[in-house]
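Trainee: Handing you a structure now.
Readers should treat all values here as calculations from the given coordinates under stated rules, not as data from a laboratory. What you see is a predicted model, and the numbers here were worked out from it, not measured in a lab. Cβ sites come from the backbone with ideal geometry, for glycine too, and all protein chains shown count toward neighbours.
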Amino acid sequence: MPMYLGKADVNTYDKGAGREFLVSNGRGGYGFSTVIGANTRREHGLLVLRPENEKQHSVLVSKIEETVFDNNKKYQLSTNRYKDLVYPDGYRYLQEYQGNPFPSMLFVIHSILLKKSIFMPHGKECTVVKYELLAAPGRIRLDLRPLFAHRKNSEVCLEAGKDAFSVSSENSLGICVSGRGHVSCCTATAGTWALKPLWFENLIYEQDDGDAACVDHLWSPGVVSNEMSEGDVVYIILSDKPETFTIKELSEIENEEAKRFEDILEQANIPALSSAEQDMIASSYHLVDDRSESIAPIYTGYPSVAAKACDTFIALPGLLLATGREKTAAKTLKYWAAAAERCGWVMPESLLEDEKPEYGRIDCGLWFVYAVDKYLSHHTEANPQDREKLLKALFAVTDRYLSGIEELDVKCGGNMLLVMTGNDPARYWMNTVAGDEVVVKRSGCLVEVNALWYNALRCAEKYADAASAEKYAKAAEKCGKSFCDTFWSFDMNGLYDFVDPETFTGDGAIRPNQILAVSLPFSPLQPEAAQSVIRLCWNTLYTTYGLRTLDPRHDKFKGRSEGRSDQREKARFRGMAWPWLLGEFITAYLKYNPKRKDLGWAFIRPFNSHLRHGCLCGVAQLFDGIMPYRPHGDVLSAISLGELLRVLHENLETEQ
């Protein structure tokens, strides 16, 4: 069954506005709004693209106001939120919503049934909105008024301006709008345009957190009107440059997009017996740029839509290997391997527009080794040339850590542990700075970095020839012993989060980074110690949607994202819960309790409900660490979704 919402799910403003849909074009462009059409975030819009040579996406077309006229009566299908008013209240006419193969809404006005569908052609910078009159006692008129924003997706237009926009007509069915440094177009397959410029003022984006302005002003050039009879179809094409498609061509594109959805499910390595599994597999489509001419990055999520190395490597086993896209996985890994080679085998965290490396986290290269091992272990029939290139990179990256990496402020000590030589929070994943305050101060030997380091050494040993394997084996053995001696805390019966290499004093705060020392393919811990770490994380950090980033008994614990912006930033790593860590926890638990898949499913099942709220079919980046567990950050997160898909594939859908 596809994602389906009935009347009872959307029959109030709050219910409808609390459920969002997402469409994408496979290259980072997207359409994102609520099922009732009310935009509740700055990032919402039907056409949101990243202009060339810009780092941030811009909302070009915000939405379309839809009005039906029948027998001299007017029915407004749109919904907007103003400060003290919801108007119009078109959600009252919404009968149902279906999510797959793409978002579709059915509006019912007495015996008039109007279906609206939204999709983005793969690889094209445009959004298509289809209106189909399924039933009507006679002819009706459908008026469509597009609203333009032309602003960055993190900003708003603070006031209406008379001269901010201008409109030109490309042909009788299409217009182009210029303003605020952007151009966008709206073309209909039928109808008559009436240019009647109008400002929509003081729209409220209620889901936007905090201090930034959330009141917007949108501009509309006019209305395109269509006289329709039962069975008639009208397409609206929203684009950054004029596009001309016939109805036949659009119908073919629509069928291609539906077929793409079916293919994603068919090629997946997960049986996907439930609708929730199907929804998660389908959502992975938005996060992967798998065009033949692309570099095939994995996007961090929506609405952030960035490409970062660590997110790519963590998410790759779930987003690509579990979904049967091994060729895309190889292409992605080779791209990042080439980037590391250009940097002297130091893995950058991201690449700027000119391919210039941007260094960040210490563990980027270690996660790369993890991802390469996952790929080669999963895809035993990998192309020999791909295998050779990836193994070359695996060994070179690992050797680079052995010699120390000045660019990342890390060195390998005599005890074979990696030591962070500075105090820059950009070197580890809990890297938020709120104002001038580092939210999580860490230095010295970091537990997750050294768990990944031990795993990398064992991976190198696994694939090396006899002579080199001995080198990596000795290093791994020494690293493993030093890891246990350095990080084990008898007081907490778990692992220190970080340890000063000079004084050997550890941080006593219970954090989730230690779970990686158990969950990774190669663990330095003995079974008894590993199970103690699992129990500690379960009893102290586990929540419905992830592991908390801090023990709730700690005096700095902050479990909810609320208050000032700096307080919300602090909460991210002082108590909020991250689903990707839950994936690592489930793997760790099932490693030592292989017969308890029933509990593994119990950890996963709460996401069945989450998939039907917020961004439909998406898994959020992080959640409040205490009730009511509200989602925050990216509404669809690569690492969150990727880890759940990985667990389904590796731990729950396969025989142990």
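Trainee: For the stretch 577-620, what is the charge dipole size about the Cα centre, in debye to the nearest 20, if Lys and Arg each add +1 at the Cβ and Asp and Glu each add -1 at the Cβ? Present the calculation step by step, with values, prior to reporting the outcome.
Mentor: Numbers: 6 positive and 2 negative charges, 37 e Å.
The calculated dipole for the stretch 577-620 is roughly 180 debye.
Trainee: Moving on to the next point. Separation between the Ser609 and Ala190 pseudo-spin-labels, each 7 Å from Cα along Cα→Cβ, expressed in nm?
Mentor: 4.6 nm
Trainee: Taking the number of other C-beta atoms within 10 Å as the exposure measure, put Thr328, Thr192, Thr34 in order starting with the fewest. Let's see the in-between values first.
Mentor: Values: Thr328 21, Thr192 12, Thr34 26.
Exposure proxy ranking, most exposed first: Thr192, Thr328, Thr34.
Trainee: So what's the net charge close to Gln385: Lys and Arg +1, Asp and Glu -1, counting the other residues with Cβ under 12 Å from its Cβ?
Mentor: On the way: positive: Lys334, Arg387, Lys389, Lys392; negative: Asp386, Glu388.
With Lys, Arg at +1 and Asp, Glu at -1, the neighbours total +2.
Trainee: Okay, next question. Please arrange Leu652, Leu418 by counting, for each residue, the other beta carbons lying within 10 Å of its beta carbon, fewest first. Can you show the working numbers first?
Mentor: Details: Leu652 18, Leu418 27.
By the 10 Å Cβ count, ascending: Leu652, Leu418.
Trainee: Using the Cβ atoms and a cut-off under 10 Å, what net charge is assigned to the surroundings of Ala136, where Lys and Arg are +1 and Asp and Glu are -1? Numbers along the way, then the final one.
Mentor: Values: positive: Arg139; negative: Asp70, Glu230, Asp232.
Net of charged neighbours comes to -2.
Trainee: In addition: Return the distance in nm (one decimal) between the two label points of a simple spin-label model at Arg180 and Thr503, each offset 7 Å from Cα along Cα→Cβ.
Mentor: 5.2 nm
Trainee: Given a Förster distance of 30 angstrom, what is the FRET efficiency for Glu562 paired with Asp14, based on the Cβ-Cβ distance and rounded to 0.05? Write out the running numbers ahead of the final one.
Mentor: On the way: r = 19 Å, r/R0 = 0.63.
Calculated value: 0.95.
Trainee: List the trypsin sites (Lys or Arg not before Pro) within the stretch 431-535 that fall in a DSSP loop (any state other than H, G, I, E or B) and whose Cβ has at most 12 other Cβ atoms within 10 Å.
Mentor: Working: sites: Lys441, Arg442, Arg458, Lys462, Lys471, Lys474, Lys478, Lys481, Arg535; in loops: Lys441, Arg442.
In loop regions of the stretch 431-535 (DSSP not H, G, I, E or B), the sparsely surrounded trypsin sites (Lys or Arg not before Pro) are Lys441.
Trainee: Go through the stretch 208-287 and name the trypsin sites (Lys or Arg not before Pro) that are in a DSSP coil and have 16 or fewer other Cβ atoms within 10 Å of their Cβ. Intermediate values should be presented prior to the final figure.
Mentor: Working: sites: Lys248, Lys259, Arg260; in loops: none.
Answer in residue order: no site qualifies.
Trainee: Turning to a different aspect of this structure: Please give, to one decimal in nm, the separation of the simple spin-label points placed at Ile295 and Glu406, each 7 Å out from Cα toward the Cβ.
Mentor: It is 2.6 nm.
Trainee: For the stretch 211-290, what does the alpha-carbon gyration tensor say about shape, rounded, prolate or oblate, given a ≥ b ≥ c as the root eigenvalues, a/c under 1.5 as rounded, and a/b over b/c as prolate? Don't skip to the answer; put the middle values down first.
Mentor: Working: a/c = 2.31, a/b = 1.37, b/c = 1.69.
Oblate is the answer for the stretch 211-290, as a/c is 1.5 or above yet b/c matches or exceeds a/b.
Trainee: Quick check: residue separation of Asp84 and Thr246 times 0.36 nm, minus the Cα distance between them. What number comes out in nm? Display every interim value, and only then the final one.
Mentor: Numbers: separation 162, 0.36 × 162 = 58.32 nm, distance 4.26 nm.
Length gained between Asp84 and Thr246: 54.1 nm.
Trainee: Starting from 0.36 nm per residue, how many nanometres of slack lie between Asp491 and Ser168 once their C-alpha separation is accounted for? If you can, show how the numbers build up before the last one.
Mentor: Numbers: separation 323, 0.36 × 323 = 116.28 nm, distance 7.20 nm.
Extending this stretch completely gives an extra 109.1 nm.
Trainee: How about Lys196: which lysines have a C-alpha closer than 16 Å to its C-alpha, ignoring those fewer than 8 places off in the same chain?
Mentor: Within reach: Lys162.
Trainee: Treat the count of other C-beta atoms within 10 Å as a stand-in for reagent exposure and order Trp219, Trp345 from fewest to most. Write down the numbers at each step before the final one.
Mentor: Numbers: Trp219 25, Trp345 20.
Final ranking by Cβ density, sparse to dense: Trp345, Trp219.
Trainee: Still on this structure: Using only helices, what value at 222 nm comes out for the chain when you add -39,500 (n - 2.57) per DSSP H run of length 4 or more and divide by the total residues, to the nearest 500 deg cm²/dmol?
Mentor: Values: 17 runs with 200 residues, N = 656.
Here the helix-only value at 222 nm equals -9500 deg cm²/dmol.
Trainee: Please label the shape of the stretch 4-251 as rounded, prolate or oblate, based on the square roots a ≥ b ≥ c of the eigenvalues of the alpha-carbon gyration tensor (a/c under 1.5 means rounded; beyond that, a/b larger than b/c means prolate, else oblate).
Mentor: On the way: a/c = 1.40, a/b = 1.17, b/c = 1.20.
Since a/c stays below 1.5, the shape of the stretch 4-251 is classed as rounded.
Trainee: At what distance in angstrom do the alpha carbon centres of the stretch 590-645 and the stretch 548-571 lie from each other?
Mentor: Centre-to-centre distance over Cα atoms comes out at 20 Å.
Trainee: Here is a further query. Step through the table entries Lys327/Lys570; Lys248/Lys334; Lys7/Lys74; Lys15/Lys595; Lys63/Lys327, compare each Cα-Cα distance with 28 Å, and write down the pairs that go over it. Could the numbers behind the result be given before it?
Mentor: Numbers: Lys327/Lys570 39 Å; Lys248/Lys334 39 Å; Lys7/Lys74 22 Å; Lys15/Lys595 40 Å; Lys63/Lys327 37 Å.
Pairs exceeding 28 Å: Lys327/Lys570; Lys248/Lys334; Lys15/Lys595; Lys63/Lys327.
Trainee: Once each part is reduced to its C-alpha centroid, what is the distance from the stretch 404-456 to the stretch 139-193 in angstrom?
Mentor: Answer, in whole Å: 49.
Trainee: Exactly which trypsin sites (Lys or Arg not before Pro) in the stretch 349-388 are in a DSSP loop and have at most 11 other Cβ atoms within 10 Å?
Mentor: When the trypsin sites (Lys or Arg not before Pro) of the stretch 349-388 are filtered for loop state and at most 11 Cβ neighbours within 10 Å, nothing remains.
Trainee: If r is the Cβ-Cβ distance from Lys597 to Lys356 and R0 is 41 Å, what FRET efficiency results, to the nearest 0.05?
Mentor: On the way: r = 46 Å, r/R0 = 1.13.
E(calc), rounded to 0.05, equals 0.35.
Trainee: Extension gain Glu201-Lys74, at 0.36 nm per residue separation less the Cα-Cα distance, in nm? Spell out each step's value before the answer.
Mentor: Working: separation 127, 0.36 × 127 = 45.72 nm, distance 2.19 nm.
Taking Glu201 through Lys74 to full extension adds about 43.5 nm, to one decimal.
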